[in-house]
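These notes are about the structure you will find just below.
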Amino acid sequence: MNYIICPYRLVSSEIWYTNPDGLAPEEVFFDVIREDFLINNQTIVFGDKHLKHVYSHIHINKPADGIALLKIANRLVEEDEQQVWNKFPGEDRQFATLFIVSRKDATCFYIEENEKAFANMEDYINMVCRGFNAILSLKGLAVVPDKHIVRQNDNYGIMYISAVINNHLKASHGAVSEESALSKFDEKMQQATRLFTSSLVDMYKASLVIQTLYLLTQNQMGIKRKLCVLKAALDTSVLVRPGYKDYIEVFECGNELTKYNYSRCTNPKAHKYENDPLYKNAYREFMKIKELDL
């Protein structure tokens, strides 16, 4: 899947650091997004320059901590055709996913490139900014896309986004602890997400897979114990085997794990871990994720 990382700037007609309510510009922007969610996607209007065509949008998750996740369609979606939003990446979809970060330490759009929905990404970015600016202008602000736009061709953006929907998974299934929110991901966990993403089978369960893989291995001493957990993930089919280079980068084990041993220990026909308590526990945890009905 292709996507664009598009940094943006919040600018105003005058120099100011907080508005009368004491909010910084990025907090004002996030309030606009949160208000749209609270009144059922009715505040922000996305469309062409003269609003002859209006494009529907929905929030995938409740905006929180300066992070929002939306789907924007390339047309008006009527009330009786809400199934339009339910298609998965790889299917013929009429929408693109937009991940927004509006925090003091980061201001960025992660924009999925879906040419079947929006053929021209520059027009799409301008449309997104235009929709926000119609409201931000009333607050003395405007969002402006940065010229530094980066194209990517893996699933990292979507996988990283999936960490945000943990609150939904937690509420529905009790599968994630209170601490497992995006802000709690540490550097290694994010690195695992970035490098193992293309190996994940079900992207809507990706954050749970990465969390479980990482949490079950972080206290294990020795590369064989870490491979034991990885083998459980592979055997439950929640993960396709990561490349050797990606694995040793995340676990910093290039000096103790050869490519040959990595292939041997993760071979589908290998059964050396099946009686190991760590393997059994990890297998159960990954099976819970696999059987989640999302």
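For the reader, a short list of remarks on this structure follows.
- Per-residue ³J(HN,Hα) for segment 267-277, Karplus 6.51 cos²θ - 1.76 cosθ + 1.60, θ = phi - 60°, Hz, x for Gly and Pro: 4, x, 8, 7, 10, 5, 9, 4, 9, 7, x
- Just so you know, the Cα atoms of segment 1-144 work out to an Rg and Dmax of 15.0, 46 Å.
- Those lysines that a straight Cα-Cα span of less than 19 Å connects to Lys116, excepting residues fewer than 8 apart in one chain: Lys71, Lys87
- Candidate lysines - alpha carbon under 21 Å from Lys139, same-chain residues fewer than 8 apart omitted: Lys49, Lys104
- With the highest mean first, a sort of the peptides 52-62, 91-101 on other beta-carbon atoms found within 10 angstrom per residue produces 91-101, 52-62.
Where a number appears in this text, it was derived from the coordinates with a stated rule and is not lab data. Only a predicted model underlies this, so the values are computations on that prediction, with no experimental measurement involved. Heads up, the Cβs are rebuilt from the backbone with ideal geometry, glycines too, and the neighbour counts pull from every protein chain shown.
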